[in-house]
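A short worksheet on the structure shown next.
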Amino acid sequence: MKLNKPLTSNDVLEILGNNIKVLGNINISITGINEIHCVEKGDITFVDHPKYYIKALSSKASFILIDKEPEDTFGKTLFITDDPFRDYVKLVKHVTAFVPQNSFIHPDAIIGEGTVLQPGVFVGQNVKIGKNCIIHSNVSIYNDTTIGDNVIIHSNSVIGGDAFYFKRREHYWDKLESCGSTSIGNNVEIGALCTIDKGVSSDTSLGEGCKLDNHIQIGHDTKIGKNVLIGAHCAIAGVVTIEDNCLIWAKVSINKDLVVARGTTLLATSAIDKSTKPNQVLFGAPAIDYRKKWREMAAMRMLPDILDDLIEMKSKMK
């Protein structure tokens, strides 16, 4: 997320409290807030686990909220705090404070020529909808969403809801506030009761020409390419990349942080926990080459007869 107004180190200390130790250059400005997987120069991010210290310190981020003073700052400006997650959330809330809306359509929303919004559609702040779209009744389009031309969204879908991202505390789950966005390309059709979560701090995107059936969940920061078809009841986790021209049939589950390579076909009821290679046809849970999986299933059906034959042979041998 890029900030409308840059923050100084003093601004951060004022927001978070002066009990934070600062190491490094305090004379440069913070121009963005981002989670670690999508940081850029000028961004502030957080790290609160030794496993990810080096990843954060060697990232493109210029500022880091961290719970330990490292031997090497890697040229970053560090804010040493006892709870980086808490302070990161505090910063996000400060720059993206929730403002209640008193109308279905935000007065600043941009609606393209020829676009139809059926009764009950909600459109939030900083939303842009292109030309000749049809948004059916009771669709909710949250803040910071961009929708292209010739898009159809069917009833009761939710575009741009918060990321499902929580930190485990001793007695509760602590919410990581979302400050990202959502973008939908041209000529996309989204079925009824679909949910597309905004990015934690960057963008969840759906490319041109994609077609979604009903009851589909797409997690935060997932990037879907062009002309991807997704069947009903699919669950796609966060930070997934689905490249162009993939076919994902009904009830497929895709684990987080994976790449579904271009031209991949995932047959119905499959699940993947590893990235795929281009133009594969996969089936099963976990999914493998569909021909191999069908052979396995055929072999499994033969096992009872094989077992009966073995028992009979053993009986004759006795």
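Could you check, for region 53-60, whether at least one of its residues is surrounded by 14 or more Cβ atoms within 10 Å (Cβ to Cβ), of a type in the set (A, V, I, L, M, F, W, C) and touching a Phe, Trp or Tyr at 6+ places or on another chain (Cβ under 6 Å)?
Yes; the residues of region 53-60 include at least one that is surrounded by 14 or more Cβ atoms within 10 Å (Cβ to Cβ), of a type in the set (A, V, I, L, M, F, W, C) and touching a Phe, Trp or Tyr at 6+ places or on another chain (Cβ under 6 Å).
Please specify each residue of region 141-157 satisfying the condition of being farther than 15 Å from GLY130 by Cα and either modelled with pLDDT under 95 or buried (at least 19 other Cβ atoms within 10 Å of the Cβ) (or both).
If the condition is that a residue be farther than 15 Å from GLY130 by Cα and either modelled with pLDDT under 95 or buried (at least 19 other Cβ atoms within 10 Å of the Cβ) (or both), then TYR142, ASN143, HIS154, SER157 are the ones that fit.
If the Cβ limit is 7 Å and pairs must be 6+ apart or interchain, which residue in region 234-257 that is assigned by TED's automatic domain parsing to the domain that holds LEU206 and farther than 20 Å from ILE288 by Cβ pairs with which residue that is buried (at least 23 other Cβ atoms within 10 Å of the Cβ) and among the polar types (S, T, N, Q)?
So the pair list comes out as GLY238/THR222; VAL239/THR222.
Inspect region 259-282 for any residue being in contact with a helix residue (DSSP H, G or I) (Cβ under 7 Å, 6 or more places away or on another chain), modelled with pLDDT of 95 or more and over 21 Å from ASN214 (Cα atoms) and give the result as yes or no.
There is at least one residue in region 259-282 that is in contact with a helix residue (DSSP H, G or I) (Cβ under 7 Å, 6 or more places away or on another chain), modelled with pLDDT of 95 or more and over 21 Å from ASN214 (Cα atoms).
Per-residue answers, yes or no, for (1) among the hydrophobic types (A, V, I, L, M, F, W, C); (2) closer than 26 Å to ASN279 by Cα; (3) in a strand (DSSP E or B):
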position	(1), (2), (3)
THR182	no, no, yes
ASN186	no, yes, no
ALA192	yes, no, no
ILE196	yes, yes, yes
GLY199	no, no, no
GLY209	no, yes, no
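Can you confirm whether ILE36 is under 23 Å from the mean Cα position of the chain (by Cα), at negative phi and surrounded by 22 or more Cβ atoms within 10 Å (Cβ to Cβ)?
Judged against the criteria, ILE36 is not a match.
Here is a list of conditions, (1) in a helix (DSSP H, G or I); (2) assigned by TED's automatic domain parsing to the domain that holds THR182; (3) among the β-branched types (Val, Ile, Thr), and ILE306 meets all of them except one; can you say which number that is?
That leaves (2) as the condition not met.
Tell me whether region 276-286 contains one or more residues that are within 19 Å of VAL158 (Cβ to Cβ), in contact (Cβ under 8 Å) with a residue 12 or more places away in the chain and not hydroxyl-bearing (Ser, Thr, Tyr).
Scanning region 276-286 turns up no residue that is within 19 Å of VAL158 (Cβ to Cβ), in contact (Cβ under 8 Å) with a residue 12 or more places away in the chain and not hydroxyl-bearing (Ser, Thr, Tyr).
Looking at region 275-291, which of the residues that are outside any strand (DSSP E or B) and touching a strand residue (DSSP E or B) at 6+ places or on another chain (Cβ under 9 Å) is farthest from GLY238 (Cα to Cα)?
ARG291
Please list, ordered by first then second residue, the pairs with beta carbon atoms under 6 Å, 6 or more apart or interchain, first in region 258-274 and closer than 17 Å to ASN245 by Cα and in the same structural domain as ALA235 (by TED's automatic domain parsing), second crowded, with 22+ Cβ neighbours inside 10 Å and aliphatic (A, V, I, L, M).
Partner pairs satisfying both residue conditions: LEU258/VAL240; VAL260/ILE242; LEU266/ILE248; LEU266/VAL252; LEU266/LEU282.
State all residues of region 158-180 that are buried (at least 21 other Cβ atoms within 10 Å of the Cβ) and in a strand (DSSP E or B); if no residue qualifies, say none.
Across region 158-180, the qualifying residues are ILE159, GLY160.
Considering only region 82-108, how many residues are more than 17 Å from ILE36 (Cα to Cα) and touching a residue at least 60 places away in the same chain (Cβ under 8 Å)?
So the answer is 4.
Against the conditions (1) free of Cβ contacts under 8 Å to residues at least 60 places away in the same chain; (2) in contact with a strand residue (DSSP E or B) (Cβ under 9 Å, 6 or more places away or on another chain), where does ASP221 fall short? Just the number, please.
Against the list (1) free of Cβ contacts under 8 Å to residues at least 60 places away in the same chain; (2) in contact with a strand residue (DSSP E or B) (Cβ under 9 Å, 6 or more places away or on another chain), ASP221 comes up short only on (1).
If we keep just the residues of region 64-81 that are without any contact (Cβ under 8 Å) to a residue 40 or more places away in the chain and among the hydrophobic types (A, V, I, L, M, F, W, C), which is surrounded by the most Cβ atoms within 10 Å (Cβ to Cβ)?
My answer is ILE64.
The values are calculated or read from the model by the stated rules, or taken from the named source; none is laboratory data. Treat the numbers as computed from the prediction; the structure is a model and nothing was measured. Using ideal geometry, Cβ is built from the backbone for each residue, glycine included, and neighbour counts are taken over all protein chains shown.
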